[in-house]
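**Student:** Would you mind keeping the following structure in view while I ask a few things?
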Amino acid sequence: MFMRAKAVRVKNTFRRRLIFIKSTFNEMTQNESDDIRYMKEALKEAQFAFDKDEVPVGAVIVSNNRIIARCHNLTETLNDVTAHAEMQAFTSAANTIGGKYLTDCTLYVTLEPCVMCAGAAFWTQIPRIVYGAKDEKRGYSLTGQSILHPKTIIEGGLLADDCAMLLKDFFKKKREM
């Protein structure tokens, strides 16, 4: 009798663990598909920048599975070196939520943030940044220091080839002019 009860308990524990693993896998799969969807939205913004003859970098900020900001580079249009996609998105998102701290948000950007944008991300306290292509020349990671908020999780390389191709096409077009 005792052995049978123990065997049933072990079986139920195993079943609970299996259900937990399945639900975790489903959440990861859902998060990955959401990440891809939002990065594709950032790529659309980058295409808008490309069409305006701006460096094609796009950004979206998401809160509670809703895009609250979508922006692209406007440095040429505004004649402002600080008008990067991320900076525009931080301002737009802060205006949308009515506060400067983006503690329940995720930034999706097609290019690794520069030092300026990483510093601004620090001040927004954004908990998660997902970027596409690595910026080999001006990315914040080249400093070798963590400029981001200590609680910020950064994930790079999502749709990196698509993001990089848009940038390469833009600069190739510029060289041919």
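**Student:** In percent, how large is the relative contact order of segment 39-115, given Cα pairs closer than 8 Å and 6 or more residues apart? Intermediate values should be presented prior to the final figure.
**Tutor:** Values: 153 pairs, mean separation 24.2, N = 77.
Reported relative contact order: 31 percent.
**Student:** For segment 47-56, just list the computed ³J(HN,Hα) in residue order, Karplus coefficients 6.51, -1.76 and 1.60, θ = phi - 60°, integers in Hz, with x standing in for Gly and Pro.
**Tutor:** 5, 4, 4, 4, 5, 8, 6, 9, 4, x
**Student:** A follow-up question, please. From the phi angles alone, apply the Karplus equation (6.51, -1.76, 1.60; θ = phi - 60°) to segment 83-98 and give each ³J(HN,Hα) in whole Hz, x where the residue is Gly or Pro.
**Tutor:** Values per residue, Gly and Pro as x: 7, 6, 4, 5, 5, 5, 5, 4, 5, 4, 5, 4, 5, 5, 8, x Hz.
Every number here is computed from the coordinates shown, using simple stated rules; none is lab data. Small disclaimer: the values here were computed from a predicted structure and weren't measured.
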